[in-house]
Amino acid sequence: MQHVKVPQDRLGVLIGEGGETMREIERRAEVRLDIDSESGSVAIDATGDPVTAMVAPDIVRAIGRGFKPDAALSLLDDEMRMFELIDIEDATRNKNDLQRQKGRLIGENGRTRELMEELTGAEVVIYGTTLGIIGQPEEVQAVRRAAEMILDGAPHGAVYGFLERKHNELTRGVEL
């Protein structure tokens with residue numbers, strides 16, 4: 001049995017209307033979820049194929065970090081699909097710096113985050129102090145590198161150029 005902590009404001013999304021999302025995760029990932037709505041702790045117990053069940057904690061974590069349930073459940077669609085979290089706080093000195101870095105990652109009107117998604121094919125969510133990525137390994141790697149560039153202070157133009165090059169490599173099927 002595994003335990004995942006989910007922020008209070010995301011528990012409703014995890015459970016879904018009338019428990020719909022929770023049941024869908026249980027059915028598709030072959031697990032049983034025991035959600036403690038007081039603490040936000042989710043106990044995950046495998047009920048079927050243990051290999052399928054191994055994806056369940058990432059699905060729950062992804063929803064907890066701001067992904068829509070459909071995006072999180074897409075982790076079950078392809079065994080190569082992966083979920084990764086980058087802690088933005090690790091690259092900041094204080095609360096003001098955290099807000100500035102989050103703003104840089106999101107971009108004006110969400111443009112930077114959108115470009116990360118469009119040019120890599122990965123799904124990207126910025127929630128709280130984390131940047132979450134769901135995608136194929138090479139897509140996740142490209143977003144991670146772009147986020148690191150931004151957090152290291154690279155100009156947005158340089159990051160967009162990097163993303164365009166990666167997009168061309170990914171669409172041509174060239175390995176990273």
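The values are calculated or read from the model by the stated rules, or taken from the named source; none is laboratory data. Please read these numbers as outputs of a predicted model, since none were measured by experiment. Every residue, glycine as well, gets a Cβ built from its backbone with ideal geometry; the counts of neighbours run over all protein chains shown.
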When the residues of region 101-159 are narrowed to those that are hydrophobic (A, V, I, L, M, F, W, C) and over 20 Å from A71 (Cβ atoms), which ends up surrounded by the fewest Cβ atoms within 10 Å (Cβ to Cβ)? A158
Every residue from region 37-55 that is among the β-branched types (V, I, T), outside any loop (DSSP other than H, G, I, E, B) and crowded, with 17+ Cβ neighbours inside 10 Å: V42, I44
Determine which member of the set D58, D34, D9 is acidic (D, E), buried (at least 17 other Cβ atoms within 10 Å of the Cβ) and either assigned to a strand (DSSP E or B) or outside the structural domain of E123 (by TED's automatic domain parsing) (or both). D58
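Conditions (1) touching a helix residue (DSSP H, G or I) at 6+ places or on another chain (Cβ under 9 Å); (2) within 30 Å of E30 (Cα to Cα); (3) among the hydroxyl-bearing types (S, T, Y), marked per residue:
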site	(1), (2), (3)
V60	yes, yes, no
I63	yes, yes, no
D87	no, yes, no
R100	no, no, no
L105	yes, no, no
E123	yes, yes, no
I126	yes, yes, no
L131	yes, yes, no
Filtering region 41-54 down to residues that are closer than 17 Å to Q8 by Cβ and at pLDDT below 95 yields none
Can you tell me which residue is surrounded by the fewest Cβ atoms within 10 Å (Cβ to Cβ) among those in region 160-173 that are within 14 Å of L115 (Cβ to Cβ) and of a type in the set (K, R)? R165
